[in-house]
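Inspection log for the structure reproduced underneath, given as structure tokens.
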Amino acid sequence: MVMETRSTKRKKLWLASNNEGDNDIDRISDLPDAILHHILLILPLKSIAQTSVLSQRWRSLWSSFPDLDFTTMNPSKDICSTPKLKSKRWWSSMDFIANVLALRDKHSDLRALRFRAHLSFSHLNGLIRRAIRCNVQELDVEVATGDYFNFPRGVITSESLRVLKLRSRYPGFRLLPSPVMTIGFPLLHTLSLSLVILYEQSSLLDLFTESSFPCLKNLNLDACFGMKHLKVCCRSLEDLTIEKCFQLHSLDICSAKLENLRVASCFDAYSDKTWFKVNAPRLRSISWEYNSITASSSLVNLTSLHEASVGFSLLHENLSVDKLQSVCNFLSGLSHVHSLTLDSQCVEILSNKSDIINLLHPFNNLKVLELHTGFEKNNVPGLAFLFRSSPTLHTLILKIINDFKTERRQWNRDLWDLSTSADEQYWESQLQALRPFLDHLKVVKIHGFLECENEVSLAKFLLKHGKDLQEMTLCTSKYCNFKDSLRRQKVRSQIMGFSWASSNAKIVFLLSSS
């Protein structure tokens, strides 16, 4: 039996006396407000409100809670789109928001207010005014109203507001006159507007300027109906997104700090006077998706460009000379890019309009090239041009769009008995011009590989002459009949059955469910 020393006994008595009654102490409530608010952030707002019945201390925490996200309390993720579908539950929800704001501790600032609802403009304006009086920093609102409503005037002169996201579902909202809109937003750094009606104010040339938005870093404009002319010239802007502005005629962007630009589904496809201009020396990423081709394009000073994705929307294949030149100017403006993705429409234009491709600037910094293409026979010259224009390319990704046309599925039964096909002869004729490209290429990935003549000829050419090639991955569909399977085995045997330029190269065949 081990005997306890006197010092050990004294230590046990001291610990016992100091821990006496600890089970009755509410240590959580003694934590500072800021820590408790941070802990409560992980709970839905309804649960946070329910803590107010615990004690006066927790009631005080609720009345000063800085982040009010009422979107966690809405009965549905979707907002009713017509007044007839409004329910009493929506109105009670709005009354609850109004009551919470009215009962807030007057000395506690509001960091964030988020809600979505179907309500009248007067009700919306009232909620926003209360939030402004609470010095709200982030206001995120998604609403549907019975009629058009005006941009809330109260947010313009707010000295506390940092983030404003205003999304309208139906029928949309109008901006206030330009002289009113340009007098405020002193500290706003994020602005997102969706479903803006601008038929009576189609030109926004003096709104997004340094004087109107001196601190703006993030701007998102979505579905601005009626907007024809837009100029964005904010010195602090870093991220800009413009979507679904179908009537747009001109877009002028000038920003010394802009890093990310995304423009999708914009420009009037029926106008021959549309134009686009961007001057952004720090631009790192540009995403150009499903936009109608403008009559002129000017991409200036994009020397820091790292990533670009380009896709066009074509109503018809007959493009005017101006629009063809615009495509040329657009792609030439991306000449400093390191990673480039081109959609099938862009590849088609380069394939069918040989008169413009010689005017393009080479992509001397390009390391990754991703091409979406139907890989018809007429696409081969366009692909060869892009390869010639990418002398230091590291990775080539081809995503073949298989629409299963007869010519894409047609097997040439005698092809594999010939020493060289017509496509192979074409690629061999390009060997000298493609030498820099072949000397740098390391990785090739071809998705949608059907072992048709075009694809096999290219794969064999790259293996035969790619001196630094390390890996080629060919992704084929796992859905094929027995006859196709036998032919594929023959194709693969041919690909594997000749000497490759690179002793380190390996080839991988993958089965895809697509």
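The values are calculated or read from the model by the stated rules, or taken from the named source; none is laboratory data. Please read all numbers here as calculations on a predicted model, not as lab measurements. Cβ placement follows ideal geometry from the backbone for every residue including glycine, while neighbour counts extend to all protein chains displayed. All accessible areas refer to the heavy atoms of the entire protein, side chains included, with ligands and DNA or RNA removed. Shrake-Rupley method; radii C 1.70, N 1.55, O 1.52, S 1.80 Å.
Where does the charge balance sit around CYS233 when Lys and Arg score +1, Asp and Glu -1, over other residues with C-beta under 10 Å from its C-beta? Computed value for this residue: -1. Note on MET496 and ARG129: the model spin-label points, each 7 Å out from Cα along the C-beta direction, lie 7.8 nm apart.
Please list VAL141, VAL321 from largest to smallest accessible area, probe radius 1.4 Å, with all protein chains kept in place. Please list the in-between numbers first.
Values: VAL141 0, VAL321 120 Å².
From most accessible down to least: VAL321, VAL141.
What chymotrypsin sites (Phe, Trp or Tyr not before Pro) does the stretch 135-204 have in DSSP loop regions with at most 14 other beta carbons within 10 Å? Passing sites in the stretch 135-204 are TYR148, TYR199.
When the chymotrypsin sites (Phe, Trp or Tyr not before Pro) in the stretch 305-404 are filtered for DSSP coil states and for at most 14 other beta-carbon atoms within 10 Å of their beta-carbon, the remaining sites are PHE404.
Which stretch or stretches of the stretch 117-134 have amide N atoms under 14 Å from the point lying 7 Å from VAL180's Cα along the Cα→Cβ direction? Counting only backbone N, you get 122, 125. By the Kirkwood approach, averaging reciprocal distances over each pair of separate Cα atoms, the stretch 162-315 gets a hydrodynamic radius of 15.6 Å.
Working note: Karplus 6.51/-1.76/1.60 with θ = phi - 60° gives the stretch 274-280 the couplings 7, 8, 9, 9, 9, 10, 8 Hz, where Gly and Pro are set to x. For the stretch 168-179, backbone phi angles converted through the Karplus equation (6.51, -1.76, 1.60; θ = phi - 60°) give residue-by-residue couplings of 10, 8, 6, x, x, 9, 10, 7, 6, x, 3, x Hz, Gly and Pro being listed as x. Fully extending the segment from ALA34 to LYS257 would add 76.9 nm, taking 0.36 nm per residue of separation and subtracting the current Cα-Cα distance.
Count Lys and Arg as plus one, Asp and Glu as minus one, and take only other residues whose Cβ is under 12 Å from that of LEU101; the net charge is then +3.
So if R0 is 35 Å, what FRET efficiency would LYS46 and LEU187 give, r being the distance between their Cβ atoms, rounded to the nearest 0.05? Mind dumping the intermediate values first?
Details: r = 31 Å, r/R0 = 0.90.
That pair, LYS46 with LEU187, gives E of 0.65.
Counted by Cβ distance under 15 Å from TRP275, the other residues give a net charge of +1, where Lys and Arg count +1 and Asp and Glu count -1. Counted residue by residue at 0.36 nm each, then reduced by the alpha carbon distance between them, the extension gain from GLN56 to ALA102 reaches 14.7 nm.
Sorted largest first by accessible area at a 1.4 angstrom probe radius, with every protein chain in place, the residues ASP30, ASP343 fall in the order ASP30, ASP343.
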